[in-house]
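Peer 1: Structure in structure tokens, see below.
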Amino acid sequence: MPVEPQYTDSLLTTRAYDPESQIFLCDDKHLFFGFLSLPLSGLDSGLDDRLNGLLNQDWPDDTLLQCGLISSPDVMNTIHQLMLAKDRTEPRFKAMLKQNIQQLQSGVHEPVTNEQMLRHGILWFTVKVPTRELSPNEDDLLKIRRLKSSFQGGIETAGLLSIPMSQHDWLRLNMILVNHHEHGHWAVNGAQVDSERPLNRQVFDPDTPLQVSPNEIQLGSEQKSRVAKVLIAKKLPAYIPLGQAFNYLGDSQNGHRGIKCYAHIHVLLHFPAINQLQSSLSNKQRIAIQQASSPITRFEPRLMERKKDFDVLFEALNKGDAPLKLTFSLVLYCNSAKEASRLSSNACSYFRELGFMLYEDVYFMLPMFLNTLPGNAQKSTQTIAMHEKTLATRHAVPLLPLFDDWSGHQEALLNMVSRRGQLMNLSLFESNSNYNAIIAATSGAGKTVLVNEIISNILIRGGQCWALDIGEGYKKLCQHFDGLFLDFDQGSEIGMNPFALVHDYEEEGDILLALIIAMVSPREPLTPYQEASLREQIRELWESEGTGSSIDLLQERLQRHPDERITDLAVQLSAFTSKGEYGRFFCGDNTLDINQSFTVLELRHLDSRKHLQRV
């Protein structure tokens, strides 16, 4: 059954946004605020207590808290970065960046790893509070501002890096979830807010018709089509540890099992009037105790389990937890009805391994789909659907979809992909400490290939690289970038007069001294007297000859020194003079230009000459 375009805006309740308070106004007598967060990629021992504190707030009656994790095709931020880099780079590198962009664009509709398409994880929260009238008064606004400040402090304490949700963020999220195809207007034109129209009239693309059938929802038509299925948790796990949510989208160890399409994992927490709910729960517990102690349990053993469930619930409530009602849902975005049926069955089987019992909400799929959209949850839908499970806050914490693969850095220097398809941008320069890194793996695992990719991306962006290697792993890359390849074989004509490389002796004198010391005494350190005298001789030679200085001239000065401890250094320096075995590398004209964009020092032929290798 198609939904007429003129009626699609009535499916959403969000009307307007106040940029000063960052509060949204709904046409169902509600206000809400939201946050965008980075999903957690790990946890610590105190995280569960901090999250429990976040949920144990003084919520107004019938507050609706939504938490959603979107596995989306929105990799446009990385693509835009690469496009900007392509415009700024040299013409010879444009083709490489263009190929990189094309790989990312194709990755959102063709599997890149483990049958997974390229994706970006988005974690979001909204808190929706009822008001007495359609137009909120100052008291309503003051209460929700205080609640927003308290909630923001709670998610920051929990370690979630978050920003308040703006109208642009809200519009983009909803456009992704409703016009899900990678060629939707959100990807082509961006989410541009029109201040002349209500927000709910800007979500659906004009060319994205909505068709509803009993067991699926079709978003769009022809080439821009997605089939959505909504799965609801009929049964929750009897026990779920914190961090189990990391496996919602797939097996975190190998990525072979899990959700093989774009998806949206949504948890809705409903906080009813506490006194009424606790009174109702107390009555139900009393009945459960009576039934558990009666002979009927011989025929209905589940009555004993029901009594145990109430014992666990009231144990948490007696410790200060607030009661709530939870609805767990999973939305799958597929390319066809046939694929949707297959992936729905696969998702149900996978979540059964995690302890969930999911089923398709046939004949009520559209209301439940709309209830998963940011800020669009409605209590009336929950009442009719009867999917809510009553829990204490500590029992709801492990069910929240807060975990996903690390999404990487902001700068898209290196585009990597996790086992489950998450785009992970890596930049060694996005660090508050230093830019060091270690790559460790078994032989043949691809360490050199990875470093080649890192170097290529640095050079394309105008950077400068030096590489020390054994095995010619960077020779072809060096040739491709017209770099300098230094190989100390028998036919090498490399000239590296260290004095010719010095431009400012006051700044570079210590480096020159360290190099000469490595030539003179590679194993044993010099005495303080020898080091001081050598420093003096190098300075005097530099002041006399400047860049015309050489190892031969330094040896002559050391030989003329009256102290035998210094003349010994002249003998030790012999191997690097014009008469020594290494002299051809360090005497004569300097042919080394280390200012090229890429320089490779190949040490393969120095394995048997450890002294020269050290220098």
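Peer 1: Condition first: under 23 Å from Gln276 (Cβ atoms), touching a strand residue (DSSP E or B) at 6+ places or on another chain (Cβ under 9 Å) and not polar (S, T, N, Q). Now tell me which residues in segment 48-67 satisfy that.
Peer 2: Leu55, Trp59, Pro60, Asp61, Asp62, Leu64, Leu65
Peer 1: Just one of (1) more than 29 Å from Leu426 (Cβ to Cβ); (2) in a strand (DSSP E or B) trips up Asp48, so point out which.
Peer 2: Of (1) more than 29 Å from Leu426 (Cβ to Cβ); (2) in a strand (DSSP E or B), only one is false for Asp48: (2).
Peer 1: Provide a single number: the residues in segment 354-406 that are outside any helix (DSSP H, G or I) and of a type in the set (Lys, Arg).
Peer 2: 1
Peer 1: Quick check on this structure: which one of Phe351, Phe328 is within 29 Å of the chain's Cα centre (by Cα), assigned to a helix (DSSP H, G or I) and within 17 Å of Val267 (Cβ to Cβ)?
Peer 2: Just a single option satisfies the conditions, and that option is Phe351.
Peer 1: Output the number of residues of segment 232-274 satisfying the condition of being aromatic (Phe, Trp, Tyr) and more than 25 Å from Lys308 (Cα to Cα).
Peer 2: Residues flagged as aromatic (Phe, Trp, Tyr) and more than 25 Å from Lys308 (Cα to Cα) within segment 232-274 amount to 3.
Peer 1: Could I ask something else about it? Determine which member of the set His168, His120 is assigned by TED's automatic domain parsing to the domain that holds Gln378 and either of a type in the set (Val, Ile, Thr) or not in a helix (DSSP H, G or I) (or both).
Peer 2: Selected residue: His120, the only one of His168, His120 that is assigned by TED's automatic domain parsing to the domain that holds Gln378 and either of a type in the set (Val, Ile, Thr) or not in a helix (DSSP H, G or I) (or both).
Peer 1: Moving to a separate point now. Of Ala233, Ala238, which residue is under 30 Å from Asn56 (Cβ atoms) and surrounded by 14 or more Cβ atoms within 10 Å (Cβ to Cβ)?
Peer 2: Residue meeting the stated conditions: Ala233.
Peer 1: Look at Asn425 and say whether it is assigned to a loop (DSSP other than H, G, I, E, B) and either outside the structural domain of Cys478 (by TED's automatic domain parsing) or farther than 18 Å from Gly42 by Cα (or both).
Peer 2: No.
Peer 1: When you look at Tyr350, is it touching a Cys at 6+ places or on another chain (Cβ under 8 Å), of a type in the set (Ser, Thr, Tyr) and either under 30 Å from Ile217 (Cα atoms) or touching a residue at least 12 places away in the same chain (Cβ under 8 Å) (or both), yes or no?
Peer 2: No, not satisfied.
Peer 1: Scan segment 390-447 for residues that are crowded, with 19+ Cβ neighbours inside 10 Å and basic (Lys, Arg) and report the count.
Peer 2: 2
Peer 1: Need pairs with beta-carbon distance below 9 Å; first residue among the small types (Gly, Ala, Ser) and within segment 472-484, second part of a loop (DSSP other than H, G, I, E, B); sequence gap 6+ or separate chains.
Peer 2: Listed by first residue and then by second, the contacts come to Gly483/Tyr474; Gly483/Gln596; Gly483/Ser597.
Peer 1: When you go through Ala187, Ala228, Ala191 one by one, which is the residue that is without any contact (Cβ under 8 Å) to a residue 24 or more places away in the chain, in contact with a helix residue (DSSP H, G or I) (Cβ under 8 Å, 6 or more places away or on another chain) and of a type outside the set (Phe, Trp, Tyr)?
Peer 2: Among Ala187, Ala228, Ala191, only Ala191 is without any contact (Cβ under 8 Å) to a residue 24 or more places away in the chain, in contact with a helix residue (DSSP H, G or I) (Cβ under 8 Å, 6 or more places away or on another chain) and of a type outside the set (Phe, Trp, Tyr).
Peer 1: While we're on this one: Show the residue pairs meeting these rules: Cβ distance below 7 Å; 6+ apart or different chains; first residue within segment 433-449 and touching a residue at least 24 places away in the same chain (Cβ under 8 Å); second residue surrounded by 10 or more Cβ atoms within 10 Å (Cβ to Cβ) and part of a loop (DSSP other than H, G, I, E, B).
Peer 2: As it stands, the answer is Thr448/Gly473, since those pairs meet every condition given.
Peer 1: Please go through segment 207-224 and pick out each residue that is at positive phi and either of a type in the set (Val, Ile, Thr) or surrounded by fewer than 21 Cβ atoms within 10 Å (Cβ to Cβ) (or both).
Peer 2: Answer for segment 207-224, where residues must be at positive phi and either of a type in the set (Val, Ile, Thr) or surrounded by fewer than 21 Cβ atoms within 10 Å (Cβ to Cβ) (or both): just Glu222.
Peer 1: Which of (1) assigned to a helix (DSSP H, G or I); (2) under 24 Å from Tyr248 (Cα atoms) is the odd one out, the single condition His109 does not satisfy?
Peer 2: The number of the failed condition is (1).
Peer 1: Just to check your reading of the model, which residue among Ser345, Ser329 is without any contact (Cβ under 8 Å) to a residue 24 or more places away in the chain and within 30 Å of Val227 (Cα to Cα)?
Peer 2: Unique residue meeting the criteria: Ser345.
Peer 1: For segment 304-315, does any single residue satisfy the condition of being free of Cβ contacts under 8 Å to residues at least 24 places away in the same chain and of a type in the set (Phe, Trp, Tyr)?
Peer 2: No, every residue in segment 304-315 fails to be free of Cβ contacts under 8 Å to residues at least 24 places away in the same chain and of a type in the set (Phe, Trp, Tyr).
Peer 1: While we're here: On the given criteria, is Asn371 polar (S, T, N, Q), touching a Ser or Thr at 6+ places or on another chain (Cβ under 6 Å) and under 21 Å from Tyr262 (Cβ atoms)?
Peer 2: So Asn371 passes the test.
The values are calculated or read from the model by the stated rules, or taken from the named source; none is laboratory data. All figures in this text were calculated on a predicted structure; none of them were measured in a lab. Ideal geometry is used to build each Cβ from the backbone, glycine not excepted, and the neighbour counts take in all protein chains shown.
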